[in-house]
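The values are calculated or read from the model by the stated rules, or taken from the named source; none is laboratory data. Quick caveat, the model's predicted, so the values are computed rather than measured. Cβ atoms come from the backbone with ideal geometry, glycine included; neighbour counts cover every protein chain shown. The protein model used for the area step is the full one, side chains on, heavy atoms only, and it has no ligands, DNA or RNA in it. Shrake-Rupley method; radii C 1.70, N 1.55, O 1.52, S 1.80 Å.
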Amino acid sequence: MEKKTISDNKTLDKVYTAQNPQELMDAYQEWAGEYENDTVEVFGYVAHIASAKALDGALNDKNSLILDAGCGTGLVGKELAGMGYSKLDALDYSREMLIEAERKKIYSRHIQADLSKALDIAKNKYDAVVCTGTFTYGHVKPHAFDELVRITKPGGLVCFTIREGAYEDYGYRERMHELELLGKWELLHIYDTEYLKEEKISCKMCVYRVKT
């Protein structure tokens, strides 16, 4: 069966159309060294800036312990560090991307893990979790919300983006709403914001407060 094309850009399409975790791992292994130049300079990636601003606007404490889930090369963490946050952990599926993130020297821990599976992280560990560019085509599906809630303290925040198109196609909103009805979290903000400016792609910015 022929893969569906998501982006006209070959690099983006390779990660968006990954059929399994190994294909995604391979794609990021090849891309890690040029990731920031390609995404920010070529594709006009700005979601990391919007995510940091959204989280900062909802947090009240610069001493909050924050997990950057799906950190990539650490673009969100760099923004948060610039805002005065110093208690940052990084998590990504790709070892090569984590190596790039580690070079920024802003994270206390560098965790290689798959957000599609149960995480080896204690319940109620973090004051906030930020997850940018991960809920998209070929990446992490809606069931991963459950783990983000589990590892966040009651009263803590979960801030994440969902790429346009994937938001409609993958059923993210349905699982978000189910968790609201179950009393797991409450929606604080959801709005459209720029994602890849040069590709003319937007995303949903979502901020939730964990309840249980």
Practice task
Could you tell me whether any residue of the stretch 135-143 is surrounded by 16 or more Cβ atoms within 10 Å (Cβ to Cβ), more than 18 Å from residue 210 (Cβ to Cβ), modelled with pLDDT under 95 and of a type in the set (A, V, I, L, M)?
Solution key: yes
Handout entry: Condition check for residue 18: at pLDDT below 95, among the aliphatic types (A, V, I, L, M), open to solvent by less than 30 Å² (accessible area, probe 1.4 Å) and not in a helix (DSSP H, G or I)
Key = yes
Problem - Hits in the stretch 65-94 - residues which are in contact (Cβ under 8 Å) with a residue 60 or more places away in the chain, farther than 20 Å from residue 40 by Cα and not hydroxyl-bearing (Ser, Thr, Tyr) - result: 65, 66, 67
Exercise for the section: Can you give me the number of residues within the stretch 79-111 that are open to solvent by 50 Å² or more (accessible area, probe 1.4 Å) and either of a type in the set (Asp, Glu) or touching a Pro at 6+ places or on another chain (Cβ under 9 Å) (or both)? Expected result: 3
Problem - Selection count, the stretch 121-133, where residues are over 15 Å from residue 188 (Cα atoms) and either among the acidic types (Asp, Glu) or buried (at least 22 other Cβ atoms within 10 Å of the Cβ) (or both) - result: 5
Exercise for the section: Identify all residues within the stretch 166-200 that are touching a residue at least 40 places away in the same chain (Cβ under 8 Å) and either outside any loop (DSSP other than H, G, I, E, B) or closer than 25 Å to residue 156 by Cα (or both); write none if there are none. Expected result: 188, 189, 193, 194, 195, 196
Exercise for the section: Could you tell me whether residue 41 is open to solvent by 50 Å² or more (accessible area, probe 1.4 Å) and in contact with a strand residue (DSSP E or B) (Cβ under 6 Å, 6 or more places away or on another chain)? Expected result: no
